[in-house]
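To start, the structure under review is shown below, and the notes come after it.
The values are calculated or read from the model by the stated rules, or taken from the named source; none is laboratory data. Everything numeric here is computed off the predicted structure, so don't read it as measured data. All Cβ positions, even for glycine, are placed from backbone atoms using ideal geometry, and neighbour counts span all protein chains on display. Side chains are part of the model used for accessible areas, which takes the heavy atoms of the whole protein and leaves out ligands, DNA and RNA. Shrake-Rupley method; radii C 1.70, N 1.55, O 1.52, S 1.80 Å.
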Amino acid sequence: VEKSQKGLTLDAGGATVSYKEVKDGEGNLICGKLPDGKYLYDTEITVTKDGAKAWYINGSTEPVAFGNSFTFFIGSDTTVTYKTDAAEDRTTVAGISASLIEGSTYKVSFLATRHIGAKDTIVSSGFVYGKNMNESDLVLEKVGDKGSKAESGTIKSAYSNTLSTDAQMSLNYGISSATGTACARPFVVIKDATGTEKVVYGSMMTYNYTK
């Protein structure tokens with residue numbers, strides 16, 4: 001599959017940016033920075049700022065990372081911001097982007113990022129998803145049920161295969177008729193310091209099909 005050479009923009013808000021360059025056997029750039037300053041899809045990027053305590057991506061209300069640096073794989077035009085106020089290191093999960101996969105008429109790539117708090121242990125993570133959903137539909141205990149709207153589909157789940165503390169998760173899902181709204185909500189299941197199992201959800205992500 002030939003990778004797109006379409007570049008993605010990054011606004012790092014004054015942070016220092018580094019990235020990993022990857023080339024194929026013929027020397028063609030697969031991941032990295034293009035001459036116009038944009039980045040190729042799936043390039044690993046690290047943003048660093050002395051004094052930063054918490055990082056936010058694409059307007060997320062919850063932090064996606066803590067400390068003076070944040071590493072992620074770029075999947076869309078991205079804005080990263082940071083705060084220098086003291087922040088509690090806690091488990092968070094947030095959507096990054098929902099965009100049509102290049103070459104497909106209906107499949108959508110949902111990208112999310114998760115961070116496991118210093119006092120927590122990850123059990124599992126992934127997405128709850130479906131067609132034409134309300135956010136309240138997309139919880140694990142409702143998987144297998146029909147969504148609450150008349151035009152809703154069945155609520156489904158997909159799990160990530162990694163258990164690392166900091167990671168990005170992706171879900172490729174779409175509505176074959178290319179109508180309505182594809183919805184997905186990222187989640188992380190953790191055990192806290194007392195051994196109690198909890199689910200942390202991000203906000204629902206949506207992709208609206210237009211004709």
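Here are some notes:
- The one condition in (1) of a type in the set (Val, Ile, Thr); (2) buried (at least 19 other Cβ atoms within 10 Å of the Cβ); (3) assigned to a loop (DSSP other than H, G, I, E, B) that Ile96 fails to fulfil: (3)
- When residues of region 11-53 are limited to those that are within 22 Å of Pro63 (Cβ to Cβ) and among the basic types (Lys, Arg), the one modelled with the highest pLDDT: Lys49
- Where Glu102 falls short, out of the listed (1) modelled with pLDDT under 95; (2) within 22 Å of Thr206 (Cβ to Cβ); (3) crowded, with 18+ Cβ neighbours inside 10 Å: (3)
- Pairs meeting the criteria (first residue in region 44-61 and within 11 Å of Lys83 (Cα to Cα) and among the aliphatic types (A, V, I, L, M), second residue open to solvent by 30 Å² or more (accessible area, probe 1.4 Å) and outside any loop (DSSP other than H, G, I, E, B), beta carbons under 7 Å, at least 6 apart or on different chains) are Ala52/Tyr82; Ala54/Phe66; Ala54/Tyr82; Ala54/Lys83.
- Of all residues in region 136-153, at least one satisfies being within 20 Å of Ala94 (Cβ to Cβ) and in contact (Cβ under 8 Å) with a residue 60 or more places away in the chain.
- Between Thr105, Thr78, Thr71, the distinction of being over 22 Å from Asn208 (Cα atoms) and of a type in the set (Ser, Thr, Tyr) belongs to Thr71 only.
- Of all residues in region 135-145 being surrounded by fewer than 20 Cβ atoms within 10 Å (Cβ to Cβ) and within 19 Å of the chain's Cα centre (by Cα), the one that is farthest from Thr206 (Cα to Cα): Leu140
- Every pair of residues 6+ apart whose Cβ atoms lie under 8 Å, when the first sits in region 22-33 and is part of a loop (DSSP other than H, G, I, E, B) while the second is open to solvent by 40 Å² or more (accessible area, probe 1.4 Å): Asp24/Ile30; Gly32/Tyr19; Gly32/Lys20; Gly32/Glu21; Gly32/Val22; Gly32/Lys23
- Region 46-62, subset under 26 Å from Glu21 (Cα atoms) and of a type outside the set (A, V, I, L, M, F, W, C), residue most open to solvent (accessible area, probe 1.4 Å): Asp50
- Which listed residue, of Lys119, Lys131, is of a type in the set (Lys, Arg) and either surrounded by fewer than 20 Cβ atoms within 10 Å (Cβ to Cβ) or free of Cβ contacts under 8 Å to residues at least 40 places away in the same chain (or both): Lys119
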